[in-house]
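Chemist: For reference, the structure I am asking about is given below.
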Ligand code: CP
Ligand code: NVA
């Protein structure tokens with residue numbers, strides 16, 4: 001059974017297939033065509049954390065495809081009220097697909113073990129594959145072929161950074177990372193990267209200027225991810241030199257600016273960069289819906305044998 005838990009599990013060809021399904025559906029959508037190709041399909045969405053983009057994009061994507069999505073908040077008790085295996089067995093009988101935004105990545109892995117329907121990771125503490133798919137989808141819209149181009153990540157080596165690194169490795173893009181030593185990927189993550197994307201060379205530095213020079217796109221994300229609130233003060237202090245501002249962007253004047261949103265303006269990024277003509281953040285957010293349609297169709301095709 002195919003799932004989308006981490007991009008490490010997908011081949012380059014599968015990622016290309018998802019992106020191309022999404023592209024085709026976006027082109028049709030822009031012409032006013034919304035074919036209900038999966039009429040009656042249902043997506044169960046479990047959210048243990050807040051969301052705007054992931055929730056709305058999956059819900060609207062399912063409606064456009066002829067199906068519907070069920071929103072389940074933390075109130076449903078995922079990971080708390082009953083064992084994850086019972087939860088997975090029960091839910092699998094009632095929906096065609098499941099999307100989970102979970103506090104612990106391990107809970108998603110456990111769910112997948114017991115589910116009999118495809119599972120999509122809608123963000124965990126470990127990675128955020130749907131975001132990286134939408135990011136590449138967006139950059140291709142404005143830049144075309146990205147092979148060999150440099151993606152610069154400035155800030156926390158977090159869940160989104162990991163998915164961006166993986167997609168760079170899978171699709172032959174370069175990846176530079178400017179991060180304070182204490183917030184770098186763990187050694188386990190570096191091992192996983194070298195096993196799954198052996199051609200990816202992470203160009204690591206503690207100098208944001210070095211990371212962004214020659215970059216086609218500069219990415220950042222919040223310094224305090226959901227669940228890390230207790231570390232807020234320490235993180236703000238450590239990341240202060242890593243703000244993406246006009247001065248930093250002046251070292252790569254042709255680079256696009258990317259942020260998964262929500263952003264904390266004035267911390268990891270300034271208003272000026274967010275509002276600059278090189279900022280793709282709104283297009284990037286909108287493309288969550290289109291790229292995820294690619295994911296939904298890719299997964300539903302196997303279930304419905306279409
Ligand atoms: N980028 C992203 O996943 O946004 P939400 O947290 O609003 O879903
Ligand atoms: N790194 C952020 C991403 C939010 C979309 C978080 O996990 O909170």
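Chemist: What's the number of the only condition in (1) part of a helix (DSSP H, G or I); (2) more than 13 Å from ligand 2 (Cβ to nearest atom); (3) farther than 25 Å from residue 137 by Cβ that residue 192 fails to meet?
Modeler: The one condition residue 192 does not meet is (3).
Chemist: Could you check residue 177 against (1) more than 16 Å from the chain's Cα centre (by Cα); (2) more than 30 Å from residue 229 (Cα to Cα); (3) buried (at least 22 other Cβ atoms within 10 Å of the Cβ) and say which number it fails?
Modeler: For residue 177, the failing item is (2).
Chemist: Continuing with this model, one more query. If a residue must be in contact with a helix residue (DSSP H, G or I) (Cβ under 7 Å, 6 or more places away or on another chain) and away from ligand 1 (no atom under 16 Å from the Cβ), how many such residues does segment 93-110 contain?
Modeler: Residues that pass the stated criteria total 5.
Chemist: If I filter segment 57-92 down to residues being free of Cβ contacts under 8 Å to residues at least 40 places away in the same chain and within 16 Å of ligand 1 (Cβ to nearest atom), which single residue comes out as surrounded by the fewest Cβ atoms within 10 Å (Cβ to Cβ)?
Modeler: 73
Chemist: Residue by residue through segment 121-137, note down the ones that are closer than 20 Å to residue 227 by Cβ and either free of Cβ contacts under 8 Å to residues at least 60 places away in the same chain or surrounded by fewer than 24 Cβ atoms within 10 Å (Cβ to Cβ) (or both).
Modeler: Of everything in segment 121-137, those that are closer than 20 Å to residue 227 by Cβ and either free of Cβ contacts under 8 Å to residues at least 60 places away in the same chain or surrounded by fewer than 24 Cβ atoms within 10 Å (Cβ to Cβ) (or both) turn out to be 124, 125, 126.
Chemist: Output the qualifying pairs, or none if there are none: Cβ atoms under 8 angstrom, residues six or more apart or on different chains, first residue in segment 277-294 and over 13 Å from residue 62 (Cβ atoms) and free of Cβ contacts under 8 Å to residues at least 60 places away in the same chain, second residue in a loop (DSSP other than H, G, I, E, B) and within 13 Å of ligand 1 (Cβ to nearest atom).
Modeler: Matching pairs, first to second residue: 281/261; 281/263.
Chemist: Something else: Regarding residue 291, is this residue touching a helix residue (DSSP H, G or I) at 6+ places or on another chain (Cβ under 8 Å), part of a helix (DSSP H, G or I) and within 14 Å of ligand 2 (Cβ to nearest atom)?
Modeler: Here the answer is no, as residue 291 does not meet what is asked.
Chemist: Give the residue, chosen from 215, 211, that is more than 16 Å from ligand 1 (Cβ to nearest atom), part of a loop (DSSP other than H, G, I, E, B) and touching a strand residue (DSSP E or B) at 6+ places or on another chain (Cβ under 7 Å).
Modeler: Criteria check complete, one pass: 215.
Chemist: Only one of these is closer than 22 Å to residue 134 by Cα and touching a strand residue (DSSP E or B) at 6+ places or on another chain (Cβ under 7 Å): 226, 258. Name it.
Modeler: Going through 226, 258 in turn, the sole match is 258.
Chemist: Go through segment 37-49 and give me each residue that's farther than 15 Å from residue 103 by Cβ and either more than 16 Å from ligand 2 (Cβ to nearest atom) or surrounded by fewer than 18 Cβ atoms within 10 Å (Cβ to Cβ) (or both).
Modeler: Once the filter is applied, which keeps residues that are farther than 15 Å from residue 103 by Cβ and either more than 16 Å from ligand 2 (Cβ to nearest atom) or surrounded by fewer than 18 Cβ atoms within 10 Å (Cβ to Cβ) (or both), segment 37-49 yields 37, 38, 39, 40, 41, 42, 43, 44.
Chemist: For segment 50-151, please list each of the strands (runs of 3 or more DSSP E) lying entirely inside it that holds at least 2 residues being within 16 Å of ligand 2 (Cβ to nearest atom).
Modeler: Filter on segment 50-151 gives 97-101, 119-121.
Just so you know, all these numbers are worked out from the coordinates, no wet-lab data involved. All figures in this text were calculated on a predicted structure; none of them were measured in a lab. Note that each Cβ is placed from the backbone with ideal geometry, even for glycine, and that neighbours are counted across all protein chains shown.
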